[in-house]
Amino acid sequence: MNETPLLSIESLSVEFGHGDTPYTRVVDEVSLDIAKGEKLALVGESGSGKSVMALSVLQLHDRALSRYASGKILFEGKNLLEYNESEMRKVRGRDIAMIFQEPMTAFNPVYRIGEQLIEPLLLHEGLDRQTARKRVIELLDRTGIIEPHKRIDAFPHMLSGGQRQRAMIAMALACKPKLLIADEPTTALDVTIQVQILELLEDLQRDFGMSVLMITHDLNMVRRFADRICVMQQGRLVEDNDVKGLFDSPKHQYTIHLLNSQPESLGVEDDVIVENDTLLSAQHIKCYFPIKAGFFNKHIGDVKAVDDISLTLGKGETLGIVGESGSGKTTLGMCLLRLQDSEGSIEFDNAELHNKSQRELRSMRRHFQIVFQDPFSSLSPRMTIEQIVGEGLKAHHPELTSKEYYERILKAMNEVGLDKEMLSRYPHEFSGGQRQRIAIARVIILEPKLILLDEPTSALDVSVQKQVLALLRDLQKKHNISYLFITHDLRVIRAMAHRVMVMKNGALVETGLTEDLFKQPKNEYTQKLLSASLYSI
Amino acid sequence: MNDNNFISSERRIWNRFRNNKRGYYSLIIFSVLFILSLFAEVLSNDKPLIVNYQGDYYFPLIKSYTEKTFGGDFDTEPDYVDPYVRKLITEGDNWAWYPLNSFRYDTINYQNTHPNPAPPSAHNLLGTDDRGRDVLARLIYGFRLSVIFALVLTAIGVVLGVIAGAIQGYFGGRLDLFSQRIIEIWASMPELYLLIIFASLFEPSVLLLIILLSLFGWMGLADYVRAEFFKGRNMDYVKAARSLGLSNRMIMWRHLLPNGMTPVITFMPFRISGAILALTSLDFLGLGVPPSTPSLGELLAQGKENIESWWLSLSTFAVLVGTLMLLIFIGEALREAMDTRKGG
C-alpha cells in the first residue's frame with residue numbers, strides 16, 4: 001500500500017443549516033484513505049454522519065443547505081470539492097458509483113429496469129442502444145438475476161427486494177467504476193438474501209478489482225466482508241483499524257461499547273414455565289385475503305397470509321415468532337389480538353375471544369397490548385407524553401381521581417426508566433430508544449397479561465436495542481407478563497424467547513424450545529435461516 | 001434550535017405565522033376592523049349616544065323617548081337628524097353627543113341639497129345611495145354582516161365537512177364508496193338555479209341563505225378531511241389506540257382529528273373570503289338578502305345602475321378588495337406556517 005490511495009479524505013468537515021440559523025456540524029475533521037482494491041467499512045449508529053460522508057464524496061448534498069467547513073476529498077489526487085456540477089457529473093457513475101439502502105425508491109417506478117440501466121452506458125461510454133442493451137443483459141446475468149433477457153423489460157415493482165438490489169448493483173457496475181460506495185446495501189433485505197448480496201459484492205469486487213466503501217450500522221455483517229473498518233461516532237472518526245485488530249483488541253471506548261451491544265442471553269433459560277398454566281391458546285388460525293379479478297370481482301384465489309396455525313402461550317412465557325418479510329408473522333399477531341379478522345378459535349385467560357364483537361372486546365383489550373416496530377409512527381405527534389401514556393388509563397379506569405391517575409403515570413414512567421419532566425413534552429423531542437420506552441410505558445400502565453411485541457427493536461441502534469430488550473425482560477420478570485415476540489432477527493430471539501416458532505409463507509415451519517431449535521434445527525428452511533443470520537458470527 | 005425543541009407544534013406554527021409579517025399584520029388589521037364593526041351602532045347611528053337635556057341625562061341609543069320629552073310636538077320617537085330636534089337638544093345648556101358618523105344604514109338624509117345619489121360632502125363622507133342613505137354607514141354595517149355571515153357559513157361548513165370526511169375516511173369500504181357517489185350527485189346539482197327557485201318560494205333572508213349555501217359548502221372540505229383520515233387510520237398510533245381499547249369516536253376525536261386539521265385550518269381564510277364573495281355576488285344579482293339589509297353586493301349593484309356616481313362603486317370596491325386581500329394574506333401565512341417541512 002505504498003502507492004497513492006484511490007480516495008483520500010483529509011480532515012473533512014460538513015455542516016448543515018440555512019439562512020441565519022446556526023450551522024450544525026455533522027461531520028467533524030474526518031480523514032480516511034481507501035487504497036485500490038480495498039474493502040473499507042464505515043460503521044456507526046444513526047446520526048453518526050456516515051451517510052453524509054458518502055454523499056459528500058459524490059457531492060450529492062443540497063448545496064443550499066450544506067457547506068464544507070474544511071478539508072479535501074482527493075480522488076486519484078484531484079480535489080472533488082473544487083469540481084463544479086458538470087465536472088462532477090462525469091465522475092459520478094463512471095469513476096465512483098453508489099448503491100442505496102432502499103432499492104425500491106432508488107429506481108424510478110415508471111421506467112423499465114433496462115432503460116434505467118442503459119442510461120449510464122449511453123451517457124458515459126457513448127455506446128449505441130443495441131450494444132448497451134447487450135451489456136446490460138450480461139451485467140444482470142453477472143449479478144445473478146435469472147432470465148436477464150426477460151427481466152430487463154420489467155418494471156421495478158415486478159422484482160423482489162433482492163432482485164432489485166441486484167439490478168441496482170448491476171447499474172452501479174455498468175461503467176466499471178473504480179470506487180463503489182454501498183450505503184447500507186442489505187439493511188432492507190431479509191437475512192437469507194443479505195448473505196447472497198454480500199457474497200455477490202465480494203465476488204464482483206474481486207473480478208472488477210474495484211475499491212468498495214461499505215457504510216453500515218452492523219458490525220457483524222462487515223466482519224467477513226471488509227479489509228479495514230472505520231468507526232464513526234457523532235461525526236467523528238473514533239477508530240480506524242483492520243478487521244482482526246478491531247474485533248480482537250478494539251482501541252476506542254465506543255468500539256468496545258458497540259461490540260458489547262450484541263444481544264446476549266437475558267437469562268431466559270433459567271425461567272420455569274409451568275406447562276399447564278396457559279394464558280393464550282389459538283387453534284387453526286386462518287387469515288386469507290381474497291384475490292379478485294375481472295369486472296364482477298370474481299373470487300379467483302386467496303393470499304394465505306396465515307394458514308392454519310395453532311399455538312399456546314404460558315403465563316410469563318415469551319414465544320418468539322420468526323420469519324422473513326411476507327411470512328405472515330405480523331398478520332398472525334394481529335389475528336390473535338382480534339385486530340384482523342380470521343378463522344379459528346382463540347382462547348385468552350379462559351375467555352373466548354373469537355366470537356366476541358369489537359365492542360365487547362374493547363373492555364378486555366387492556367389485558368393484551370401491542371408495542372410496534374416504528375417508534376416514530378406509533379406515537380401521535382400532537383399529543384404530549386402524559387396524554388399518550390395516560391390515554392389507556394382514562395379509557396379503562398375513568399373512576400380514578402386526577403391524583404391517582406397522575407401517580408399511575410409516574411409509576412409507569414419510572415418503570416421504563418423515563419423522567420417525569422418529560423411528561424409535558426411532545427414525541428418529536430425524543431430519540432428512537434426513548435420513544436420506544438414511551439410506547440412501552442403506554443402499554444404497561446394498564447398492567448396487561450400479554451404484550452405483542454412487533455419487531456420492537458428493529459428500528460433502533462444496537463446499543464439502544466440491548467437496553468430495550470433488558471427493560472422488557474425486567475418487566476416480564478416483575479409482572480409475569482407473557483410476550484409474543486415477532487422479529488426477523490434471530491439473535492434477538494435467542495436472547496429473549498423461551499420458545500420459537502418459525503413461519504414461512506403463512507405456514508408453520510418448525511417450533512420448539514429456543515436452544516433446541518438453535519442447536520438442532522430439523523427443518524431445512526430453519527437451517528438456511530440460521531446459517532444466514534449467524535453468517536458473520 | 002434549542003428552545004424550539006420544548007414547545008408544542010401549535011406553538012411552533014404560531015411562531016412561524018408571526019414571522020410572516022404580512023400575514024400577521026393582516027390578521028391584526030382584520031381583527032381590529034371586525035371588532036370595531038361589531039360596535040357599528042355606536043360608531044354610526046342616527047341617534048345621539050348621550051343627551052343632556054335640562055340637567056337630565058338621556059340615552060336614546062338604548063332607550064326610546066318621545067319627542068315631547070325634549071319639548072317637541074309629537075308623541076313618537078324623535079328624528080334626531082332633523083335640524084329642529086337637533087336644535088332642541090343642543091340649545092342653551094343642553095348638549096348631545098352624536099356618534100362619529102351620524103347615520104344608520106337605513107337613515108335617509110332628507111336635508112341633502114343634491115339629488116340622490118348625492119356625492120361626498122361634509123355630511124355624508126362617502127355620499128349617499130340612490131335612496132339618500134349614507135354610503136359610509138351602509139359600508140360599515142355591510143362589512144359586519146358579510147363577515148359574520150361568512151364566519152357562520154364557514155363554521156357550519158367546517159363542522160359538516162369534518163364530520164362527513166371523518167366518517168368516510170375512518171370507516172372506508174362500502175360506506176365510503178356509497179357516500180362518495182352520493183356526494184358526487186349532490187355536488188352536480190345546479191346551486192344557482194336552486195337559489196333562484198328558493199328566492200321566489202320563500203321570503204329572502206340571511207338565515208335562508210346560510211341554510212342554502214351550507215347545503216353545498218361542506219363538500220370540498222370533506223374530501224380533504226377524508227384523505228387525511230384515510231391516511232391516518234393506518235398509522236401505528238391509531239392501531240395502538242385501537243389495541244388500548246379506545247372507542248372509534250375517541251380515536252377519531254383524539255388521534256385522527258388533531259392530525260387531520262392541517263387542510264381545515266389552511267383553507268379557513270380562503271373559505272371565509274369565498275363566502276364573502278358568494279354573498280356579495282348573490283346580493284349583486286338580487287338573489288341575496290332583503291333590500292333593506294345593508295349589503296356590499298347591493299351597493300355594487302347600485303353602482304352599476306348609477307355608473308356616474310363613482311363614490312358608490314369605488315368605495316364598495318375598495319372595502320371588498322381590502323377585506324378579501326387581508327383574508328388571502330392571512331391564508332397564505334397560515335399555509336406557510338402549517339407547512340412542517342419549513343424549519344424554525
Restricted to the stretch A:357-415 and to residues being within 30 Å of B:Thr262 (Cβ to Cβ) and among the acidic types (Asp, Glu), the residue farthest from the other protein chains (Cβ to nearest Cβ) is A:Glu386
Please name all residue pairs, on different chains or six or more residues apart, with Cβ atoms under 8 Å, provided the first residue is in the stretch B:224-253 and is away from chain A (no Cβ under 11 Å) and the second residue is open to solvent by less than 30 Å² (accessible area, probe 1.4 Å) and β-branched (Val, Ile, Thr). B:Tyr224/B:Val264; B:Val225/B:Val162; B:Val225/B:Val264
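Checking the condition without any contact (Cβ under 8 Å) to a residue 60 or more places away in the chain and either under 27 Å from the mean Cα position of the chain (by Cα) or closer than 30 Å to B:Gly286 by Cβ (or both), which residue from B:Leu201, B:Leu195 passes?
Values: B:Leu195 fails: without any contact (Cβ under 8 Å) to a residue 60 or more places away in the chain.
None of the other options fit; the residue is B:Leu201.
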Please enumerate the residues belonging to the stretch A:382-414 that are open to solvent by 40 Å² or more (accessible area, probe 1.4 Å) and under 31 Å from the mean Cα position of the chain (by Cα). A:Arg382, A:Glu386, A:Gln387, A:Asn414
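So, in the stretch B:191-231, how many residues would count as being of a type in the set (Phe, Trp, Tyr), open to solvent by less than 50 Å² (accessible area, probe 1.4 Å) and within 15 Å of B:Asp176 (Cα to Cα)? Don't jump to the end; show me each part of the working.
Kept after step one, since they are of a type in the set (Phe, Trp, Tyr), are these residues of the stretch B:191-231: B:193, B:198, B:202, B:216, B:218, B:224, B:229-230.
From the residues that got through so far, the ones that are open to solvent by less than 50 Å² (accessible area, probe 1.4 Å) too are B:216, B:218, B:229.
Those still in the list that are within 15 Å of B:Asp176 (Cα to Cα) too: B:229.
Going through the stretch B:191-231 one residue at a time, the tally reaches 1.
Could you count how many residues in the stretch A:424-464 are open to solvent by less than 20 Å² (accessible area, probe 1.4 Å) and either farther than 20 Å from A:Val43 by Cα or not β-branched (Val, Ile, Thr) (or both)?
Narrowing the stretch A:424-464 to residues open to solvent by less than 20 Å² (accessible area, probe 1.4 Å): A:427, A:430, A:432-433, A:435-436, A:438-446, A:448, A:450-457, A:460, A:463.
Adding the requirement that they be either farther than 20 Å from A:Val43 by Cα or not β-branched (Val, Ile, Thr) (or both) leaves A:427, A:430, A:432-433, A:435-436, A:438-446, A:448, A:450-456, A:460, A:463.
The number of residues fulfilling the criteria is 25.
Residues checked against (1) closer than 30 Å to B:Ala222 by Cα; (2) at pLDDT 90 or above; (3) of a type outside the set (D, E, K, R):
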position: B:Thr107; (1), (2), (3): no, no, yes
position: B:Thr113; (1), (2), (3): no, no, yes
position: B:Leu139; (1), (2), (3): no, yes, yes
position: B:Ala150; (1), (2), (3): yes, yes, yes
position: B:Ala166; (1), (2), (3): yes, yes, yes
position: B:Tyr170; (1), (2), (3): yes, yes, yes
Those residues of the stretch A:92-122 which are closer than 11 Å to A:Arg164 by Cα and hydroxyl-bearing (Ser, Thr, Tyr), in sequence order: A:Thr105
List the strands (runs of 3 or more DSSP E) that sit entirely inside the stretch A:1-80 and contain at least 1 residues that are open to solvent by 30 Å² or more (accessible area, probe 1.4 Å), more than 14 Å from chain B (Cβ to nearest Cβ) and under 25 Å from A:Arg206 (Cβ atoms). A:24-34
Any residue at all in the stretch A:231-248 that's closer than 20 Å to A:Asp461 by Cα, open to solvent by less than 20 Å² (accessible area, probe 1.4 Å) and in a helix (DSSP H, G or I)? yes
Pick out, from the stretch A:126-202, the helices (runs of 4 or more DSSP H) lying fully within it that include 3 or more residues that are free of Cβ contacts under 8 Å to residues at least 40 places away in the same chain, open to solvent by 10 Å² or more (accessible area, probe 1.4 Å) and not polar (S, T, N, Q). A:129-142, A:148-151
In the stretch A:208-217, residue nearest to A:Leu490 (Cα to Cα) [restricted to those that are touching a residue at least 40 places away in the same chain (Cβ under 8 Å) and either surrounded by fewer than 22 Cβ atoms within 10 Å (Cβ to Cβ) or under 21 Å from the mean Cα position of the chain (by Cα) (or both)]: A:His217
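Does the stretch A:301-308 contain at least one residue that is in contact with a Cys (Cβ under 7 Å, 6 or more places away or on another chain) and either closer than 30 Å to A:Glu352 by Cβ or among the basic types (Lys, Arg) (or both)?
So in the stretch A:301-308, the residues in contact with a Cys (Cβ under 7 Å, 6 or more places away or on another chain) come out as A:305-306.
Then drop every residue that is not either closer than 30 Å to A:Glu352 by Cβ or among the basic types (Lys, Arg) (or both), which leaves A:305-306.
Yes.
Could you check how many residues of the stretch A:486-529 are part of a strand (DSSP E or B), closer than 20 Å to A:Gly316 by Cα and open to solvent by less than 10 Å² (accessible area, probe 1.4 Å)?
Restricting attention to the stretch A:486-529, the residues satisfying the condition of being part of a strand (DSSP E or B) are A:486-487, A:499-504, A:507-513.
With the extra rule that they be closer than 20 Å to A:Gly316 by Cα, the set shrinks to A:486-487, A:499-501, A:511-513.
If we keep only those that are open to solvent by less than 10 Å² (accessible area, probe 1.4 Å) as well, we get A:486-487, A:500-501.
Residues meeting the conditions: 4.
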Failed item, numbered, when B:Phe267 is tested on (1) touching a residue at least 24 places away in the same chain (Cβ under 8 Å); (2) surrounded by fewer than 22 Cβ atoms within 10 Å (Cβ to Cβ); (3) at the interface with chain A (Cβ under 10 Å from one of its Cβ atoms): (3)
Here the residues within the stretch A:416-465 that are within 19 Å of A:His367 (Cβ to Cβ), facing another protein chain (nearest Cβ under 10 Å) and part of a helix (DSSP H, G or I) are A:Ala439, A:Arg442, A:Val443
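Of A:Ile99, A:Ile137, A:Ile118, which residue is farther than 24 Å from A:Ala54 by Cβ, in contact with a Pro (Cβ under 7 Å, 6 or more places away or on another chain) and not polar (S, T, N, Q)?
On the way: A:Ile99 fails: farther than 24 Å from A:Ala54 by Cβ; A:Ile118 fails: in contact with a Pro (Cβ under 7 Å, 6 or more places away or on another chain).
After ruling out the rest, the residue left standing is A:Ile137.
Got at least one residue in the stretch A:256-263 being open to solvent by 80 Å² or more (accessible area, probe 1.4 Å) and either under 30 Å from A:Arg499 (Cβ atoms) or of a type in the set (S, T, N, Q) (or both)?
Pass one, the stretch A:256-263, residues open to solvent by 80 Å² or more (accessible area, probe 1.4 Å): A:257, A:260.
Those left that are additionally either under 30 Å from A:Arg499 (Cβ atoms) or of a type in the set (S, T, N, Q) (or both): A:260.
Yes, the stretch A:256-263 contains a residue that is open to solvent by 80 Å² or more (accessible area, probe 1.4 Å) and either under 30 Å from A:Arg499 (Cβ atoms) or of a type in the set (S, T, N, Q) (or both).
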Selection over the stretch B:291-339 where residues are open to solvent by 50 Å² or more (accessible area, probe 1.4 Å), in contact (Cβ under 8 Å) with a residue 24 or more places away in the chain and either of a type in the set (S, T, N, Q) or assigned to a loop (DSSP other than H, G, I, E, B) (or both) yields a count of 1
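May I ask you to verify whether B:Asp73 is part of a loop (DSSP other than H, G, I, E, B) and open to solvent by 90 Å² or more (accessible area, probe 1.4 Å)?
Working: part of a loop (DSSP other than H, G, I, E, B): yes; open to solvent by 90 Å² or more (accessible area, probe 1.4 Å): yes.
Spelling it out, B:Asp73 is indeed part of a loop (DSSP other than H, G, I, E, B) and open to solvent by 90 Å² or more (accessible area, probe 1.4 Å).
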Inspect all residues belonging to the stretch A:372-381 and state whether any of them is buried (at least 21 other Cβ atoms within 10 Å of the Cβ) and among the small types (Gly, Ala, Ser). yes
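Just the residues that are outside any helix (DSSP H, G or I) and either crowded, with 22+ Cβ neighbours inside 10 Å or within 13 Å of chain B (Cβ to nearest Cβ) (or both), please, taken from the stretch A:466-482.
So the first thing to find is which residues in the stretch A:466-482 are outside any helix (DSSP H, G or I), and the list is A:480-482.
Residues satisfying the conditions are A:Ile481, A:Ser482.
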By my count, helices (runs of 4 or more DSSP H) wholly in the stretch B:79-187 with at least 1 residues that are touching a Leu at 6+ places or on another chain (Cβ under 6 Å) and either of a type outside the set (A, V, I, L, M) or open to solvent by less than 50 Å² (accessible area, probe 1.4 Å) (or both) are B:135-171
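The values are calculated or read from the model by the stated rules, or taken from the named source; none is laboratory data. This one's a predicted model, so the numbers in the text were calculated from it and none came from an experiment. Note: ideal-geometry Cβ built from the backbone for every residue, glycine included; neighbour counts use all protein chains shown. Remember, those area values only see protein heavy atoms, side chains included, never the ligands or the DNA or RNA. Shrake-Rupley method; radii C 1.70, N 1.55, O 1.52, S 1.80 Å.
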